[in-house]
Every structure is written in structure tokens, then in C-alpha cells.
1. MET35's amide H: which non-local residues (gap 5+, or another chain) put their own amide H closer than 5 Å, with H modeled 1.01 Å from N in plane and none for Pro or chain starts?
2. Normalising by the residue count of the chain, find the relative contact order in percent from Cα pairs under 8 Å and 6+ residues apart.
3. Using only Cα atoms, tell me the angle between helix 82-95 and the longest principal axis of the chain; keep it within 0 to 90° and round to the nearest 10.
4. Counting only heavy atoms of protein chains, what accessible area per residue, in Å², does the chain have with a probe of 1.4 Å?
5. Which of the cysteines found in the chain have nothing to pair with, since no other Cys Cβ lies under 4.7 Å from theirs?
6. Measure nothing but the geometry: give the 0 to 90° angle between the long axis through the Cα atoms of 54-78 and the longest principal axis through the Cα atoms of the chain, rounded to 10°.
7. What part of the accessible area of the chain, given as a whole %, is carbon or sulfur when the probe is 1.4 angstrom?
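The values are calculated or read from the model by the stated rules, or taken from the named source; none is laboratory data. Just so we're clear, the structure is a prediction, and the values are computed from it rather than from any experiment. Reconstructed Cβ throughout: ideal geometry from the backbone, glycine too, with neighbour counts over all protein chains shown. These area figures cover heavy atoms from the full protein model, side chains too; ligands, DNA and RNA do not enter into them. Shrake-Rupley method; radii C 1.70, N 1.55, O 1.52, S 1.80 Å.
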Amino acid sequence: MSYISNVLKGCCPKCGQTKVFKSKGNPLLFKMPEMHQRCEKCNYSFHRETGFYFGAMYMSYALTVAEMVAVFVIGLLLGVSFLNMFIGVVIVVLLLSTFNYRVSRLMWLNLFYNEEDEE
């Protein structure tokens, strides 16, 4: 399967059948998404090594900055005050925090999937 389809579907980078996350999380209830340890179909490990997902923090940061800039630009185009834009940015960042967490980890996991590194 392709990189983009695996990230969008949230599936295993090896077989593309098992969802990587058990739960999506809920930012309003302060629940983070939970990952499976291994793929149920092909036994591919989603927890590669200690510290593997540190790089995903940079991807999450980039997604968050893009969302903040989008809210800011939309606010400027609509003539919204800076205080209201700030409040909008905070709301968007909080509501999309678990989404960014999932997508950045999926991007990182799929980015470093190598077919030659089979276990």
C-alpha cells in the first residue's frame, strides 16, 4: 500500500489491514490515543524502539503551526480582532491535538517502514 493511503487509513505499514490505534482519544476528556503493540495480521511491531516517536513531535509541531497560520489568515480575511483570532487558534489547537498526535505518529511510522527490515 502507499504511504499516503496508510497514513489516511491509519493502517499497518506492512500489510495495511490492522488499525495502528486502538482508540482515537478525546481532547475534551483529556484522553490520549492508544496504540496497539503489534499488528494483529502480520505481527509488525508499531513500537520500533525506545524514543522512536521523538521525531513525530516535529511533524506534530509542523501540523499545529500550519493549523494556527490557517486560522490566523482566515481571521485576517474576515476582519476578526486579534483577541478573537487568538481564542480561535487556542480552540483549534486543543480540538485537533489528538488528531495531530495520531497523524504525526502514523506519518513517522510509515516514513521509516522498510520492506527489507522484516522481523
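1. LYS22
2. Details: 132 pairs, mean separation 37.1, N = 119.
The value is 31 percent.
3. 20 degrees
4. Accessible area per residue: 67 Å².
5. CYS11
6. Tilt relative to the chain: about 30 degrees.
7. Carbon and sulfur atoms account for 65 percent of the accessible area of the chain.
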